[in-house]
Amino acid sequence: MPIAKLNRTILQTLAESRLEEGRILLANKQWTGSYYLTGLAVECALKACLARAVKQHDYPDKKFVNDMYQHDLKRLAALDAGLSVALQDDLQNDAMLAANWNTIQDWDGEKRYDIVQEQVARSLYDATADATSGVMQWIRGKW
């Protein structure tokens, strides 16, 4: 029986599922749920990238592992130096990606306890799901 319940493949699947659920909720005018699940999709996607950094049979650094258990998208993206450098480079070279990252980077999972307005939910979803310069599209190329 493996120790870990999550792995890179499961996190990728969860990211795609949460994004689809966010789309469905958005289409059904459930703004708060859409906002939360869309941001959670990005969180799972970033964690899939981080899982890639943990190699089979390696004993990972405790601080790295502990830092993965958070919900701050900026901090998650910064945990892997290679991912962070690639993100900064691509943000400089793609103005739409930069705008989209700027929209999603401050996602707050605690807003699931708030009332999120339509424009906020739509902006987050659009920045995440854009087919050319969306944050999920960028992450898919890295995971």
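Quick one, could you list the DSSP H helices from the chain stretching 24 Å or more along their long axis (Cα atoms) with average Kyte-Doolittle hydropathy of 0.0 or above? It would help to have the intermediate numbers written out before the result.
Working: long enough: 8-27 (29 Å, 0.07); 31-53 (34 Å, 0.65).
Span-like helices in the chain: 8-27, 31-53.
Using only protein heavy atoms and a 1.4 Å probe, report how much of Trp31 is accessible, in Å² to the nearest 10.
Its heavy atoms expose roughly 50 Å² to the probe.
P(r) of the chain in 5 Å steps, Cα pairs, percent per bin?
2, 10, 20, 23, 19, 13, 8, 3, 1, 0
With +1 on each Lys and Arg Cβ and -1 on each Asp and Glu Cβ, how big is the dipole of the chain about its Cα centre, in debye rounded to the nearest 20? Spell out each step's value before the answer.
Values: 17 positive and 19 negative charges, 92 e Å.
Approximately 440 debye in magnitude.
Let me have the relative contact order for the stretch 62-114, percent, based on Cα pairs under 8 Å that are six or more residues apart. Numbers along the way, then the final one.
Values: 26 pairs, mean separation 19.2, N = 53.
Relative contact order comes out at 36 percent.
Got the relative contact order for the chain handy, in percent, Cα pairs under 8 Å and 6 or more residues apart? Walk me through the numbers before you get to the answer.
Numbers: 183 pairs, mean separation 42.4, N = 143.
Computed over the chain, the figure is 30 percent.
Filter Lys5/Lys111; Lys62/Lys142; Lys55/Lys111; Lys5/Lys142 down to the pairs with a C-alpha to C-alpha distance above 31 Å, please.
Lys55/Lys111
The values are calculated or read from the model by the stated rules, or taken from the named source; none is laboratory data. Remember, predicted model here, so these are calculated numbers, not experimental data. Neighbour counts run over all protein chains shown; Cβ positions are idealised from the backbone, glycine included. Just so you know, the surface numbers come from the protein's heavy atoms only, side chains and all, with ligands and any DNA or RNA stripped out. Shrake-Rupley method; radii C 1.70, N 1.55, O 1.52, S 1.80 Å.
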